[in-house]
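**Q** First, the structure itself, so that you have it in front of you.
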Amino acid sequence: MTRKTAADFDPAVLKLFDQYVHGGIDRRQFLSSAGRYAVGGATAASLLTALSPSFAAPVVEKDDKRITAKFVEYPSPQGYGTVRGYLVTPANAKGKLPLVLVVHENRGLNPHIEDIARRVALDGFIAFAPDALTPLGGYPGDEDKARAEFAKLDPAKTRADFVAAAKWLQAQPGGNGKLGVVGFCFGGGIANYLATQLPELAAAVPFYGAQPATADVPRIKAPLLIHDAGNDQRILAGWPAYEAALKEAGIKYEHYTYPAVEHGFNNDTTPRYDAAAAKLAWQRTIDFFKAKLA
């Protein structure tokens, strides 16, 4: 069976799905609105299923011998108290390694983000991916349930959990003390946020993430590598103000907009994935981390 891509869906359906994923509409509203675009025997429900993630084929398997992976807990006194995360280290590593915090989308630590952490580790970094859903029992194994649970979190406490994660990771004895962060969607917003909160942060890479308040931009010390999708008007709408603030504050940044791709283009578990854009963005990300965290 040929895997579907974004080109197989009406742009209006993709827009509806983006609204659904980010809480703008609920499942009933998606199904009601998407039904008019269901053709050729498809239904609104089948459109939703086709657009939803499939975790059947990770890039790096859990038991890959080139890495060592485990779940650990870290303290977050200003957040939810104790948070669980996925720590991945290159096997047989020699010397101190650079550190990368991996921040998930708005569904918690799902199998895709675990896979991303393993990919980061294979490139020579200690990777750590916290699960913001820890206080609610952790990622529930179902994307719709995860999204619903995520909406129950206190945003201030969740942000504090990621600040605590960054500080915990930076202090790990196997690390060289140089910390970067990469995040996707919600996590991209957290990457931008952490850049405003952590003067010691050495690199931040937000993928299609919400921009920070312009008043906070002058606090950024880390160089930024920003990836956006050409068809993602929701996120791109905030870019001109962010860019102006970055320029005014003299912040070093690189910004890439990948033409004709969708929000979430790096996520290879969904039809919105774009292989060419994802490959280029990921290579830029790894090169950026290697240059800034050495």
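The values are calculated or read from the model by the stated rules, or taken from the named source; none is laboratory data. Not measured: the values here are computed from a predicted model. Don't worry about glycine lacking a Cβ; one is built from the backbone with ideal geometry, like all the others, and counts go over all protein chains shown.
**Q** Just the residues that are in contact with a helix residue (DSSP H, G or I) (Cβ under 8 Å, 6 or more places away or on another chain), in a helix (DSSP H, G or I) and surrounded by fewer than 23 Cβ atoms within 10 Å (Cβ to Cβ), please, taken from segment 159-185.
**A** R159, V163
**Q** While we're looking at this one, here's another question. Residues of segment 141-153 being more than 16 Å from the chain's Cα centre (by Cα) and either in contact (Cβ under 8 Å) with a residue 60 or more places away in the chain or surrounded by 17 or more Cβ atoms within 10 Å (Cβ to Cβ) (or both), which ones?
**A** Scanning segment 141-153 gives D144, E149, A151, L153.
**Q** Out of V88, V60, V83, I need the residue that is under 21 Å from the mean Cα position of the chain (by Cα), under 25 Å from H22 (Cα atoms) and among the β-branched types (V, I, T). Which one? Even if it seems obvious, please write down each step before you answer.
**A** Details: V88 fails: under 25 Å from H22 (Cα atoms); V60 fails: under 25 Å from H22 (Cα atoms).
Only one candidate passes the filter, namely V83.
**Q** OK, next. Tell me which residues, restricted to segment 189-208, are assigned to a helix (DSSP H, G or I), of a type outside the set (S, T, N, Q) and touching a residue at least 24 places away in the same chain (Cβ under 8 Å).
**A** I190, A191, Y193, L194, A195, listed by residue number.
**Q** When you scan segment 209-294 for helices (runs of 4 or more DSSP H) that lie fully inside it, which ones turn up with 2 or more residues that are touching a residue at least 60 places away in the same chain (Cβ under 8 Å)?
**A** Fully inside segment 209-294 and qualifying: 275-292.
The rows are residues; the columns are (1) among the acidic types (D, E); (2) surrounded by fewer than 20 Cβ atoms within 10 Å (Cβ to Cβ); (3) in contact with a Lys or Arg (Cβ under 7 Å, 6 or more places away or on another chain).
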{"residue": "K252", "(1), (2), (3)": "no, yes, no"}
{"residue": "H255", "(1), (2), (3)": "no, yes, no"}
{"residue": "A260", "(1), (2), (3)": "no, yes, no"}
{"residue": "A275", "(1), (2), (3)": "no, yes, no"}
{"residue": "A281", "(1), (2), (3)": "no, no, no"}
{"residue": "K290", "(1), (2), (3)": "no, yes, no"}
{"residue": "L293", "(1), (2), (3)": "no, no, yes"}
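**Q** In addition: Identify all residues within segment 30-82 that are more than 23 Å from G141 (Cα to Cα), of a type in the set (G, A, S), part of a loop (DSSP other than H, G, I, E, B) and not assigned by TED's automatic domain parsing to the domain that holds F265; write none if there are none.
**A** A38, G40, G41, A42
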